[in-house]
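This report refers to the structure that appears directly beneath it.
The values are calculated or read from the model by the stated rules, or taken from the named source; none is laboratory data. Bear in mind that the values here come from a model prediction, so they are computed numbers and not experimental data. Ideal geometry is used to build each Cβ from the backbone, glycine not excepted, and the neighbour counts take in all protein chains shown.
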Amino acid sequence: MIAFQDPLNQLPWKASTFVDDIDGVYYLTLYICAFFFVLITGVLGYSVIKWRRRSPTQPPASLVTHNTMLEVIWTVIPLIIVMVLFAWGWKGALDMTVAPADARQYQVTGQQWSWSIKHPGDPRPVANEMWVEIGKPAKMTMFSTDVLHAFYIPAFRVKRDVIPGRKQMLWFEPTSLGDFNIFCAEYCGQDHSRMIGKVHVVDAETFAKKPWQSHPEDPVEWGADIWDRQCKACHTVDGAALIGPTWKGLWGSTRELAVGGANAVVDEAYVAESIKQPEAKKAKGFEKVAMAMLPLDDEQIAAVIAYMKTLK
Ligand code: CUA
């Protein structure tokens with residue numbers, strides 16, 4: 001991985017054009033605080049010892065109540081410092097608010113508990129993974145289908161809340177090749193801590209091959225891959241109980257439905273409907289479980305079914 005770590009090893013990977021400003025303000029603030037901490041506690045400690053009262057009867061050493069020059073100095077210097085911090089921070093905030101006109105457009109949707117990401121010019125979303133080209137600005141338009149999430153890439157120094165009913169924006173320009181973590185930085189329910197992803201920064205040649213579209217040729221392998229990325233948080237394949245029904249032995253079985261008392265056989269139509277409209281025919285025992293709307297298309301659903309058929 002080509003990336004640089006910071007001198008004090010405090011901040012994560014540096015991999016976007018925002019890093020210099022944000023880390024600069026951070027380190028300036030840190031150094032100012034360290035300087036004044038030493039100065040103030042030093043002078044204070046020295047004075048306490050040097051001019052301490054040595055006996056109960058010792059009269060006050062001086063009756064001075066203030067010093068105008070000193071007060072002007074300790075007002076003006078901090079004022080200058082906070083104005084510098086403000087100006088630098090404001091410039092950085094403005095940079096992050098306005099994306100370059102030629103930025104590539106991505107769509108990010110947060111839902112409990114995964115990210116689905118649409119790449120430029122491609123309607124099929126990818127779960128928890130995205131590819132961006134080094135040196136090219138990328139702009140995310142972000143939505144939430146349920147609750148508050150926050151899209152956070154520490155290596156790029158970007159984080160934005162993703163809010164139901166509102167469109168949010170975030171952009172960055174990656175400067176280092178490699179894989180970097182995406183986190184959800186807003187507590188959003190039981191599996192918040194598992195709402196993680198990867199952003200792959202690749203060169204122009206790799207990007208042109210649209211790596212996000214690649215998937216296993218074999219439908220069963222592809223289905224297993226989809227399960228691994230998007231389904232396994234709720235559905236096991238070994239018969240163990242989790243939030244949703246296990247897939248082991250599910251295919252071809254007869255399910256008693258939660259509403260109406262009717263039965264349904266788990267076949268192609270039932271699985272497809274349950275993925276597209278999770279609320280339509282819930283099985284008994286899972287009435288209270290709200291399945292996430294997974295943005296799978298028909299080809300992906302067919303792969304899931306192919307995999308499910310192997311789970312006897
Ligand atoms: Cu989504 Cu925390």
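Observations, loosely collected:
- Qualifying residue in the stretch 185-199 (condition: among the polar types (S, T, N, Q) and within 16 Å of the ligand (Cβ to nearest atom)): yes
- One residue from D161, D122, D179 being within 22 Å of K209 (Cα to Cα) and touching a His at 6+ places or on another chain (Cβ under 9 Å): D179
- The residues of the stretch 178-192 that are in contact with a strand residue (DSSP E or B) (Cβ under 8 Å, 6 or more places away or on another chain) and over 21 Å from Q10 (Cα atoms), listed by number, are E186, C188, H192.
- The one condition in (1) modelled with pLDDT under 85; (2) closer than 16 Å to A292 by Cβ that V271 fails to fulfil: (1)
- Count of the stretch 147-158 residues which are among the aliphatic types (A, V, I, L, M), part of a strand (DSSP E or B) and near the ligand (Cβ under 10 Å from one of its atoms): 1
- If you check R160, R194 for being under 12 Å from the mean Cα position of the chain (by Cα), at pLDDT below 90, of a type outside the set (S, T, N, Q) and surrounded by fewer than 21 Cβ atoms within 10 Å (Cβ to Cβ), only one passes: R194.
- Members of the stretch 117-145 found to be buried (at least 17 other Cβ atoms within 10 Å of the Cβ) and over 21 Å from V201 (Cβ atoms), listed by number: F143, S144
- Given (1) touching a strand residue (DSSP E or B) at 6+ places or on another chain (Cβ under 9 Å); (2) closer than 23 Å to I301 by Cα, number of the condition H200 does not satisfy: (2)
- Qualifying residue in the stretch 206-220 (condition: closer than 30 Å to F172 by Cα, of a type in the set (G, A, S), surrounded by fewer than 12 Cβ atoms within 10 Å (Cβ to Cβ) and in contact with a strand residue (DSSP E or B) (Cβ under 7 Å, 6 or more places away or on another chain)): no
- The residue of the stretch 45-73 that is farthest from L85 (Cα to Cα), among those that are among the hydrophobic types (A, V, I, L, M, F, W, C) and surrounded by fewer than 10 Cβ atoms within 10 Å (Cβ to Cβ), is A61.
- Filtered residues of the stretch 131-146 (kept if under 14 Å from Q105 (Cβ atoms) and within 16 Å of the ligand (Cβ to nearest atom)): M140, M142, F143
- Boolean, P278 is part of a loop (DSSP other than H, G, I, E, B) and under 21 Å from T109 (Cα atoms): yes
Residue-by-condition table, conditions (1) of a type in the set (V, I, T); (2) away from the ligand (no atom under 16 Å from the Cβ); (3) under 30 Å from I243 (Cβ atoms); (4) in a helix (DSSP H, G or I):
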residue: R160; (1), (2), (3), (4): no, no, yes, no
residue: W171; (1), (2), (3), (4): no, yes, no, no
residue: I182; (1), (2), (3), (4): yes, no, yes, no
residue: V201; (1), (2), (3), (4): yes, yes, no, no
residue: W212; (1), (2), (3), (4): no, yes, yes, yes
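- Among the residues examined, F151 does not qualify as in contact with a helix residue (DSSP H, G or I) (Cβ under 9 Å, 6 or more places away or on another chain) and at negative phi.
One line per residue, one yes/no per condition, for (1) among the aliphatic types (A, V, I, L, M); (2) closer than 22 Å to D191 by Cβ:
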position: W227; (1), (2): no, yes
position: A233; (1), (2): yes, yes
position: I243; (1), (2): yes, yes
position: K248; (1), (2): no, yes
position: A258; (1), (2): yes, no
position: V266; (1), (2): yes, no
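- Cβ-Cβ contacts under 9 Å between residues 6 or more apart (or on different chains), taken from a first residue in the stretch 184-198 that is of a type in the set (V, I, T) to a second residue that is more than 8 Å from the ligand (Cβ to nearest atom) and in a loop (DSSP other than H, G, I, E, B), are listed as I196/N128.
- Condition check for C184 on (1) out of contact with any Pro (no Cβ under 7 Å at 6 or more places or on another chain); (2) crowded, with 17+ Cβ neighbours inside 10 Å; (3) more than 18 Å from S114 (Cα to Cα): one failure, at (3).
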